[in-house]
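Colleague: Take a look at the following structure, please.
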Amino acid sequence: MSEPLRFGPVAIHLGDKSGKYPDGNQVIVHGADTRAAFDTPIVANRIGPEFDEVDLVILGHVHEDHMAGLHRVPKAAVQVHEADVDAARSWEGLCRHYGYDDTAVLEALREIVDRDFHYHPRPDATAYTHDTVWDLGGGVRVRAHHLPGHTSGHCALLVESEGLAFIGDIDLTGFGPYYGDGTSSLAAFRRTLREVAELDARVWVTSHHRAVITDRAQFLHHLAAFGARIDERSDKLLGYLADGPQTLAQLTARRVMYPVGYEIAYADAAESNTIRQHLMELQAAGRVVREGDAYALA
């Protein structure tokens with residue numbers, strides 16, 4: 001392991017390739033009384049005592065790649081936003097969170113989360129809410145800021161004394177925002193992209209890809225490029241519909257997020273969830289109409 005990046009009481013252990021999925025970046029905050037970890041990505045398994053002896057894990061949201069170190073800290077308290085907490089407590093809750101209806105998809109996904117992410121549910125997890133504050137001692141305080149869209153409970157975690165915001169899977173990747181699960185929301189993600197720009201921070205830490213940004217202009221540049229992917233997907237759908245009316249299944253096969261031919265267990269389910277939300281938005285804007293089972297340009 002390379003040395004972590006440090007900002008006062010905050011240590012940031014970078015995952016493989018700056019936390020590129022399936023890995024992530026691990027934030028550990030050292031208070032005088034409490035040591036807290038934000039999420040537990042794969043890299044948590046390579047850190048050692050600094051992670052293994054944490055008192056508290058605060059999950060900014062629940063997905064398999066953010067739970068990959070929970071098995072190492074069975075005695076640590078685990079807290080999750082109230083909208084995501086059931087997904088942390090059990091496999092059944094996580095399945096509802098993903099929102100995939102196909103049993104075969106869920107069985108394949110369970111194999112992946114067990115094998116690659118050391119899946120370990122936490123039935124003892126307790127809920128927090130927007131604006132919850134954790135006093136870790138010695139003037140170190142963490143505040144939750146609810147920023148839904150990626151999941152219904154997705155939050156930024158702000159270390160107020162350092163002006164450091166862990167913004168999780170508002171990860172500023174070239175892939176763009178992900179809102180393909182059952183509890184995801186395109187409309188909420190649009191609002192979140194406006195809110196995250198207003199956080200009182202001077203350091204931004206992402207779960208993946210960018211890792212650490214300390215320049216506000218650079219942060220806003222990356223945030224704008226990240227958010228632009230949403231409208232690019234809408235434009236892609238409008239381009240498909242220019243060929244004539246198409247069903248949701250036909251549009252799903254053409255893809256707006258993943259490349260055609262890129263096969264993972266949940267790709268079609270995530271594409272379908274994503275495309276459905278775009279179509280609803282485009283219908284509300286009067287740009288698309290429903291014709292039976294098909295969609296067409298207005």
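The values are calculated or read from the model by the stated rules, or taken from the named source; none is laboratory data. Since the structure is predicted, the reported quantities are computational estimates derived from the model, not experimental observations. Methodologically, a virtual Cβ is constructed for each residue, glycine included, from the backbone with ideal geometry; neighbour enumeration extends over all protein chains shown.
Colleague: Name every residue in the stretch 1-38 that is at pLDDT below 95 and touching a Gly at 6+ places or on another chain (Cβ under 8 Å), in order of residue number.
Modeller: Met1
Colleague: Ok, one more. Looking at Pro41, Pro74 in this structure, which one is surrounded by fewer than 19 Cβ atoms within 10 Å (Cβ to Cβ), in the same structural domain as Phe166 (by TED's automatic domain parsing) and at pLDDT 95 or above?
Modeller: None of the other options fit; the residue is Pro74.
Colleague: Filter the stretch 211-262 down to residues that are of a type in the set (A, V, I, L, M), in contact (Cβ under 8 Å) with a residue 24 or more places away in the chain and part of a loop (DSSP other than H, G, I, E, B) and give me whichever is surrounded by the fewest Cβ atoms within 10 Å (Cβ to Cβ).
Modeller: Only one residue fits best here, namely Ala242.
Colleague: Among the residues that make up the stretch 124-131, is at least one of them part of a strand (DSSP E or B), in contact with a helix residue (DSSP H, G or I) (Cβ under 8 Å, 6 or more places away or on another chain) and farther than 25 Å from Gly8 by Cα?
Modeller: Yes - at least one qualifying residue is present in the stretch 124-131.
Colleague: For the stretch 150-171, give me the residue count where each residue is at positive phi and either surrounded by fewer than 24 Cβ atoms within 10 Å (Cβ to Cβ) or at pLDDT below 95 (or both).
Modeller: 1
Colleague: If only one of Glu53, Glu92, Glu107, Glu82 is assigned by TED's automatic domain parsing to the domain that holds Gly180 and either buried (at least 21 other Cβ atoms within 10 Å of the Cβ) or closer than 22 Å to Ala165 by Cα (or both), which one is it?
Modeller: Glu82
Colleague: Wholly within the stretch 1-115, which helices (runs of 4 or more DSSP H) include no fewer than the required count, namely at least 2 residues that are over 19 Å from His209 (Cβ atoms) and free of Cβ contacts under 8 Å to residues at least 60 places away in the same chain?
Modeller: So the answer is 49-52, 85-89, 91-98.
Colleague: Any residue in the stretch 191-198 that is part of a loop (DSSP other than H, G, I, E, B), within 16 Å of the chain's Cα centre (by Cα) and touching a residue at least 12 places away in the same chain (Cβ under 8 Å)?
Modeller: No, there is no match, as no residue in the stretch 191-198 is part of a loop (DSSP other than H, G, I, E, B), within 16 Å of the chain's Cα centre (by Cα) and touching a residue at least 12 places away in the same chain (Cβ under 8 Å).
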